[in-house]
Each structure stands twice: as structure tokens, then as C-alpha cells.
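Chemist: Right, I'll just put the structure down here and ask away after.
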Amino acid sequence: MRTTSTQRYHHASLICEYLLRHKLMRADVTARDIVQFHQLPGKAVYSISATLNFFYNNRIRDSRFGFYIAGSRPFKKSDYPHHYVVHLMEGCPGFDLSPVT
């Protein structure tokens with residue numbers, strides 16, 4: 001089953017929320033981290049992983065998604081990337097560059 005653009009926007013918002021709640025500008029994350037943080041069903045790992053892989057393979061850096069993937073690391077000895085280096089962008093909903101007072 002393919003991931004639609006509506007699902008990609010939803011998954012992007014989940015990823016942005018994960019980074020914002022952890023107060024991270026850059027993070028090494030897995031789809032499982034995001035699923036566990038949002039307490040989603042276990043099968044959601046596959047669709048979020050597909051979304052992360054889509055962003056990585058197509059080198060998407062669009063501010064409307066709120067983040068971009070700078071790189072990936074394979075998990076153990078497999079070639080399939082499971083860890084993604086995600087950078088938050090200014091377009092992410094809730095993103096604020098002002099200093100915390």
C-alpha cells in the first residue's frame with residue numbers, strides 16, 4: 001500500500017512534534033521512536049518508516065513539511081537505513097527561534 005500525500009503531511013507533523021517536544025533541532029531517530037512517543041499502534045512503524053525513507057531517497061527539503069533528513073545509518077549489518085538524521089526547519093508548526101526566557 002502506498003503512502004498518500006495526506007498521510008505524508010500527517011507523518012511529517014508527528015515527526016516535527018517529536019522533535020519540538022524533545023526540544024531538538026537535530027536528532028538521530030527511528031520510526032519506532034516516533035511511534036512509541038505518540039503511543040501509536042505497532043503497525044504504524046511501517047508507514048512512518050516509508051515516509052522517512054521517501055523523504056531521504058527523494059532528498060526533499062520543503063519547508064511545508066518542517067524538517068529534512070540529512071543522512072541515515074544502517075541498523076546493524078543490513079543496508080536498509082533505520083536511523084535517520086532529522087533536522088528541524090523554520091516551517092515546522094510550533095517552531096520558534098526566539099530565546100526562551
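Chemist: If you plug each phi of region 58-71 into the Karplus form 6.51 cos²θ - 1.76 cosθ + 1.60 with θ = phi - 60°, what whole-Hz ³J(HN,Hα) values come out, in order, with x for Gly and Pro?
Modeler: Working through the residues one at a time gives 8, 6, 7, 10, 9, 5, 5, 7, x, 7, 9, 9, 7, x Hz.
Chemist: Quick check: from the Cα gyration tensor, does region 5-88 come out rounded (a/c under 1.5), prolate or oblate?
Modeler: It is rounded, given that a/c, with a ≥ b ≥ c, falls under 1.5.
Chemist: Same structure again: Can you list the residues, at least 5 places off or on another chain, whose amide H is less than 5 Å from the amide H of PHE67, using H built in the peptide plane?
Modeler: MET89
Chemist: Non-local amide H neighbours of SER72 (under 5 Å, H modeled in plane, Pro and chain starts lacking H): which ones?
Modeler: Amide H neighbours of SER72: VAL85.
Chemist: Can you compute the charge dipole magnitude of region 5-88 about its Cα centre, using +1 on each Lys and Arg Cβ and -1 on each Asp and Glu Cβ, nothing else charged? Give it in debye, rounded to the nearest 20.
Modeler: Using Cβ point charges on Lys, Arg, Asp and Glu, region 5-88 gives about 100 debye.
Computed from the coordinates by the stated procedures, all read-outs in this text should not be read as laboratory data. Model, not experiment: these values are computed from the prediction. Note that we place each Cβ from the backbone using ideal geometry, even for glycine, and neighbour counts take in every protein chain shown.
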